[in-house]
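A.B. asks: Structure in structure tokens, see below.
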Amino acid sequence: MPQNPEPRVRGRAFRLIALLLLAFGLTMPATPSFAQAAGQVRVKIVKAGLLVGGGAGSGVLTYRGKTYPFKISGLSFGITIGATVGRLNGWASGIREISDFAGTYSSVGGGFALVGGANGVHPRNEKGVTMVLQGPKAGFELAANISQITIALR
């Protein structure tokens, strides 16, 4: 009884296509996302407000084994009442060059603190850098607002 050669031909064609796709994928240059690395961020910020809030502080970015001090300033619009001091820790991702970290970040958020509380933000800048920061804050604050912060490397 003769065997049908069609399944062997399909199997060989499939293996050939898979091998070609693998070879093509290995020869493609790495996209910028593969070259990006995350940096560790530590921030201390003091903020206060009544309707419109303002804040200022400083921090350190540790990126690829080096530390980069920076200044932070910002405004928030919405419901803001009170004053707090916060210490935030977290990560910044999407950094291709250290200059990408500096810029204007935007976020929408809110929070409450009475003597002490927790803070968490996820701002993103115009260069695609996103930070995920969280930590304790002390003071009194009631906030539901849109914030913009500016980071300048020192």
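Every number here is computed from the coordinates shown, using simple stated rules; none is lab data. Owing to the predicted nature of the structure, the values given are computational and were not obtained by experimental measurement. Neighbour counts run over all protein chains shown; Cβ positions are idealised from the backbone, glycine included.
A.B. asks: List the lysines whose alpha-carbon lies under 24 Å from that of LYS66, not counting same-chain residues fewer than 8 positions away?
C.D. replies: LYS44, LYS127
A.B. asks: Separate question: Work through the residues other than VAL129 whose Cβ is under 12 Å from its Cβ and net out their charges, Lys, Arg +1 and Asp, Glu -1. All intermediate terms of the calculation are to be shown ahead of the outcome.
C.D. replies: Working: positive: ARG96, ARG124, LYS127; negative: GLU97, ASP100, GLU126.
With Lys, Arg at +1 and Asp, Glu at -1, the neighbours total 0.
A.B. asks: Along the Cα→Cβ direction, 7 angstrom out, place labels at THR130 and LEU142. What is the inter-label distance in nm?
C.D. replies: If labels sit at THR130 and LEU142, their model points lie 3.2 nm apart.
A.B. asks: Next up: For every other residue with a beta carbon closer than 12 angstrom to the beta carbon of ALA138, add +1 if it is Lys or Arg and -1 if Asp or Glu, then tell me the sum.
C.D. replies: Numbers: positive: LYS44, LYS47, ARG87, LYS137; negative: GLU141.
Net charge in that neighbourhood comes out at +3.
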